[in-house]
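Step one of this worksheet: look at the structure below.
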Amino acid sequence: MSKNAFALLLGRALTLLLLLVSWPSQAQERPVDMLFTQPHLSSLPAGAELIYRLERTPSDPARLGEPFGDDIRLAVRSVAASGGRDIDLRIFTGDRAREVNAITDLTGNPVLVIFLDRAVSNMVRLTGGRAPYFKDRLRAALRDKATSETIKTEFEGRTLDAMRIIVRPFGEDANAERMLGYQGSQFEFLVAPDAPGMLLDMKSHFVSTLADAPKLEEHIFLKSSAQP
């Protein structure tokens, strides 16, 4: 995929985030609110940097590509008058590197958008379905079907309160029989309000009920943070 094409995909994914944020909030502790209405970047000053790690693990590299791990860097350039952050987002390194995306006046963590866009793209690749359909179903499930629990977690030597969120968007879908057994795919999120960027961990689990179908897992986690 070209760098320009990837930039267009990121733009579409940011549109998904805006659609989610537009939903009215009934209770700030709902899973959808923790993911989409919290100001994830509010604790980050100018000069702060977050490094996330993406690990992709397919069971069948011949069909799904080789496994790999790479970094996603989020750097805060400045704090806008509105309280939003102007950031530079660098996705991957070496031959996989994309152009730096400069995003202004941002409050939500864009790494969430990258995770969701990859979740949709993986469902398309595994099932042959259409991206807009999966995107709509994932959006609706995050709003209406996600479950959560409060847990303790560790980051950089600190114990933090966190919310673990789990959603299975496609299990009861009207078109589940067309998904080649992947209708049970599960997505997990770990959100800690006191962690830098708030999003600590996100996992996709793609497992089919068909015996010969490949498995795929993607994991994005906060590897390190630095502040000036």
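Every number here is computed from the coordinates shown, using simple stated rules; none is lab data. Everything numeric in this text was worked out from a predicted model, so none of it was measured. Cβ coordinates were reconstructed from backbone atoms using ideal geometry, including for glycine residues, and neighbour counts include every protein chain displayed.
Among the residues of segment 127-178, those that are out of contact with any Ser or Thr (no Cβ under 8 Å at 6 or more places or on another chain) and acidic (Asp, Glu) comprise ASP136, ASP144, GLU149, GLU154, GLU172, ASP173, GLU177. Residues of segment 144-163 include at least one that is within 16 Å of the chain's Cα centre (by Cα), crowded, with 18+ Cβ neighbours inside 10 Å and within 22 Å of LEU50 (Cα to Cα).
Could you please find all residues in segment 140-154 being assigned to a helix (DSSP H, G or I) and closer than 17 Å to ALA176 by Cβ? If the condition is that a residue be assigned to a helix (DSSP H, G or I) and closer than 17 Å to ALA176 by Cβ, then ALA140, ALA141, ASP144 are the ones that fit.
Restricting attention to segment 195-210, the residues that are closer than 15 Å to PHE155 by Cα, in a loop (DSSP other than H, G, I, E, B) and touching a residue at least 60 places away in the same chain (Cβ under 8 Å) total 3. When segment 202-224 is filtered for residues that are more than 19 Å from ALA48 (Cα to Cα), under 21 Å from the mean Cα position of the chain (by Cα) and among the charged types (D, E, K, R), the ones remaining, listed by number, are LYS203, LYS215, GLU217, GLU218. Residues in segment 178-194 that are surrounded by fewer than 21 Cβ atoms within 10 Å (Cβ to Cβ) and part of a loop (DSSP other than H, G, I, E, B): LEU180, GLY181, PRO193, ASP194.
Only one residue in ILE220, ILE165, ILE151 is free of Cβ contacts under 8 Å to residues at least 60 places away in the same chain and β-branched (Val, Ile, Thr), so which one is that?
None of the other options fit; the residue is ILE151.
For residues in segment 55-88 being of a type in the set (A, V, I, L, M, F, W, C) and without any contact (Cβ under 8 Å) to a residue 24 or more places away in the chain, which is nearest to LYS203 (Cα to Cα)? Lay out the reasoning, then the answer.
Going residue by residue through segment 55-88, those that are of a type in the set (A, V, I, L, M, F, W, C) are 62, 64, 68, 72, 74-76, 79-81, 87.
Pick out the ones that are also without any contact (Cβ under 8 Å) to a residue 24 or more places away in the chain and you get 62, 81.
Details: ALA62: 22, ALA81: 34 Å.
Looking at residues that are of a type in the set (A, V, I, L, M, F, W, C) and without any contact (Cβ under 8 Å) to a residue 24 or more places away in the chain, I get ALA62.
For segment 89-103, taking the residues that are over 20 Å from PRO196 (Cβ atoms) and not hydrophobic (A, V, I, L, M, F, W, C), the one that is surrounded by the most Cβ atoms within 10 Å (Cβ to Cβ) is identified as ARG98.
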